[in-house]
Amino acid sequence: MTDPISLRDVKRLTVQTFAQLLYIMSAWAAPSCQKRAGNAANMRRVAILLCQSVRAMSNEGNEPNGRPEEEGRGLALEEAKPKLKKPPLFKVLLINDDYTPMEFVVEVLELIFAMDRQKATRVMLEVHTKGKGVCGVFTWEIAETKVAQVTTFAQQHQHPLLCTLEET
Ligand code: TYC
């Protein structure tokens, strides 16, 4: 007759199944998106930790001669090296127009892009003469916030100032 299944076996199998599911699911987290790739790496790390605890659980039942009860039955996984990728960067650009006062543009550059008056004047004149100019380079969330701040501030003052972003 086969041995009855112990509570420890049930626990171990549950954790092992969960770890395997987690590992499989981590492959679905599309690596095209940086945030999700980070989540996938975390899921894999958790799955590996769970597998290690499953192995530890199996070893709790070692025979007196030191032979593990379940040698080789766990998932054979190696710790994945964390793949760190630099985030994509975005240029925030000001676009020239004929109506926004120069002084207002300088103020925007001082207020929203933390430039001193000298630098703000230089950037404003560059936009004025070349048609567009870079106010700064940021990660996506920050760049998007800066564009929104400039747009709202310009609208509040009824100026047609345009601000956009461009991937570097
Ligand atoms: N061309 C504008 C003027 O002569 C000044 C200006 C500069 C407007 C930069 C927009 O992004 C801009 N008043």
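Derivation of every value follows stated rules applied to the coordinates shown; laboratory data play no part. The structure displayed is predicted, hence computed values, not measured ones. For neighbour counting, all protein chains shown are included, and Cβ atoms are generated from backbone atoms with ideal geometry for every residue, glycine included.
Can you sort 83, 132 so the residue with the fewest Cβ neighbours within 10 Å comes first?
Details: 83 10, 132 15.
So the residues, fewest neighbours to most, are 83, 132.
When we measure straight from the Cα of residue 119, which lysines land under 23 angstrom away, once same-chain ones fewer than 8 places off are left out?
Straight-line reach from residue 119, under 23 Å: 91, 130, 132, 146.
Measuring from the lowest to the highest alpha carbon on each principal axis, how far does the stretch 86-159 reach, largest first, in angstroms?
Between the extreme Cα coordinates on each principal axis of the stretch 86-159 lie 37, 24, 21 Å.
Cα gyration tensor of the stretch 120-164, axes a ≥ b ≥ c as square roots of the eigenvalues: rounded (a/c below 1.5), prolate (a/b > b/c) or oblate? Mind showing how you got there, number by number?
Details: a/c = 2.33, a/b = 1.13, b/c = 2.06.
Since a/c reaches 1.5 but b/c is at least a/b, the shape of the stretch 120-164 is classed as oblate.
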